[in-house]
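Taken together, the values in this text are just the output of simple stated rules run on the coordinates, not laboratory data. Computed from a predicted model, the values in this text were never measured in an experiment. Note that each Cβ is placed from the backbone with ideal geometry, even for glycine, and that neighbours are counted across all protein chains shown.
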Amino acid sequence: MKDDNGHFYNARMKGIFKIDDITSTNPIAVGDQVELEMENEVEESVTITRIYDRHNYINRQSPKGKHQQHIIAANIDQSLLMATLKEPKTSQGFIDRFLVASEMYHVPSIIVFNKADLYGKKETQRFNGWKEMYEAIGYKIILMSVNNNIGVEEIKKMLKEKITLLSGHSGVGKSSLLNIILPDLQLKTQDVSGWSGKGLHTTTFAEMFDFPFGGKIIDTPGMREFGLIDVTKQELSHYFPEMRVRLKNCQFNNCLHINEPGCAVKDGVINGTIHEDRYVSYVNILESIDEKSY
Ligand SMILES: Nc1nc2c(ncn2[C@@H]2O[C@H](COP(=O)(O)OP(=O)(O)O)[C@@H](O)[C@H]2O)c(=O)[nH]1
Ligand SMILES: [Mg+2]
Ligand SMILES: [Zn+2]
């Protein structure tokens, strides 16, 4: 537990905290603002007596059960997804699931493509295509190379004075980025030469770091992606901004945009205002929701 002056204490919880209406396996998360009572000044221990209302939080289903949730972080200003087009390759499906989750949590997102130094013609073309596709929807896309110092200053500017949740597959360069913008940190980076496609998870807890230039970043080493916990088939298209603006023009108000007549989303795909690849992601996620509820 850290106070406003940057001093650390051992903290204990007192009483039972009911947060929103969800059952959570961890009542307090990184990013929470709390009220403290000093317990023992010599031992520097405090008791948490109150958790302030969160303006948002990121959660996922707890391994303990379907109806339990695990809060990963609270009070986030933005989320930064780190992706790579080589070593390892991030799939569009992964990016789109991340964006859906960010929309659900009302957290604006930035996608940064790292390891630009490794990109050849094919990867550069793919990057340019995705940049155009995502920026047309309103997401910010940045090209970066931690190794060659490309795009790092741009990222720093975006992180200044904000609380940012950092995510992305293991091996994409998250620790490497934190190490160059937080020089005292020295996080262990991982050798990806033996890349298995799954990656190693060393920690499961979220950790928050302060920038010397203002702002904080939350690293979530154990989290591959946000869980799509509460999204229903019916809601899904609301979390695709380019679909959301067209929903009211569908003939049926419960349209899932698959086979229904008079579907404004499918019209959008046909006339090119909705990117076909985004529609494919939509259908894939829709089908995965089916499997889960069964
Ligand atoms: N070629 C290249 N390798 C990088 C870059 N950034 C990080 N790496 C390497 O990618 C590997 C994984 O990086 P790491 O920071 O541990 O990834 P994390 O799992 O996301 O924290 C390490 O071997 C890094 O040296 C980059 O911009 N270019
Ligand atoms: Mg790491
Ligand atoms: Zn429709």
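Brief remarks on what is shown
- For TYR134, neighbours were defined as the other residues whose beta-carbon sits under 11 Å from its Cβ, and their charges (Lys and Arg +1, Asp and Glu -1) total -2.
- A crude spin-label estimate for the pair ASN128 and HIS7, with each label 7 Å from Cα along the Cβ direction, gives 5.7 nm.
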